[in-house]
Amino acid sequence: TQLLEQSPQFLSIQEGENLTVYCNSSSVFSSLQWYRQEPGEGPVLLVTVVTGGEVKKLKRLTFQFGDARKDSSLHITAAQPGDTGLYLCAGMGGTSYGKLTFGQGTILTVHP
Amino acid sequence: ETGVTQTPRHLVMGMTNKKSLKCEQHLGHNAMYWYKQSAKKPLELMFVYNFKEQTENNSVPSRFSPECPNSSHLFLHLHTLQPEDSALYLCASSQVAGTLAGNTIYFGEGSWLTVV
């Protein structure tokens, strides 16, 4: 069984601070996706990373895929209250053909 | 708006009722999925359909019965559910069901199900 360990599970910070969320596995994934989910809504795709070592930026969010394609990180610079939500990483491929394996999620709260 | 629409958004049903969840995708995708999201658990894959054919049943109890009449529509028929089945049920779609790099999965907004 493939597992994605996401950390931290909870993060409560002040507006303007920086933060990093980690997603780690012992399995290799063909791609990894990051989602953001607000209460009562479905996950919304933020980014897909495909190549080992790839770095993608989305405004204040920076996503990195590990060289071995087993881990990923999400870094948010100067967090804002609008960044509050559940962040999910999900790996595609590996031994779970066609399946998306999800991490437990990180609940981020940014206080004004 | 992700291109995946789910109805109803909220459903309350008794344990003896029969109801259905509906999902429609407008993305031209060929694969559709049902996921279950419960409190304090990672998202759980339930079913996968690829070109209308079921390719994955993740040991889901038979009280959940999926139906995929075409590549754009997916249903989840519910009967004799238990209170522990209360959860957010998410439909999703992707170009195909397979391990293709960049084969991104897009989610609907979910259907909140409460079984009383």
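The values are calculated or read from the model by the stated rules, or taken from the named source; none is laboratory data. Since this is a predicted model, take the numbers as computed values, not measurements. Here Cβ is always computed from backbone atoms with ideal geometry, including for glycine, and neighbour counts include all displayed protein chains.
A compact table of results
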{"item": "Strands (runs of 3 or more DSSP E) within chain B that include 3 or more residues among the small types (G, A, S) and surrounded by 14 or more Cβ atoms within 10 Å (Cβ to Cβ)", "result": "B:87-94"}
{"item": "Pairs where the first residue, in segment A:43-55, is more than 7 Å from chain B (Cβ to nearest Cβ) and the second is at pLDDT 90 or above and exposed (fewer than 15 other Cβ atoms within 10 Å of the Cβ), C-beta under 7 Å, 6+ apart", "result": "A:L46/A:L58; A:V47/A:L58; A:G52/A:D67; A:G52/A:A68; A:G53/A:D67"}
{"item": "Filter result (more than 11 Å from every other protein chain (Cβ to nearest Cβ), under 29 Å from B:N58 (Cα atoms) and among the hydroxyl-bearing types (S, T, Y)) within segment A:56-100", "result": "A:S72, A:S73, A:Y87"}
{"item": "Segment A:20-47, residues that are over 10 Å from the mean Cα position of the chain (by Cα) and crowded, with 19+ Cβ neighbours inside 10 Å", "result": "A:S25, A:F29, A:S31, A:Q37, A:G42, A:P43"}
{"item": "Whichever residue in segment A:101-112 is hydroxyl-bearing (S, T, Y) and either within 14 Å of chain B (Cβ to nearest Cβ) or touching a Lys or Arg at 6+ places or on another chain (Cβ under 9 Å) (or both) and, among such residues, is farthest from A:Q6 (Cα to Cα)", "result": "A:T101"}
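Yes/no per residue for (1) within 18 Å of B:R9 (Cβ to Cβ); (2) touching a Cys at 6+ places or on another chain (Cβ under 8 Å):
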residue: B:P42; (1), (2): no, no
residue: B:L45; (1), (2): no, no
residue: B:V48; (1), (2): no, no
residue: B:N57; (1), (2): no, no
residue: B:H79; (1), (2): no, no
residue: B:Q82; (1), (2): no, no
residue: B:L88; (1), (2): yes, no
residue: B:G108; (1), (2): yes, yes
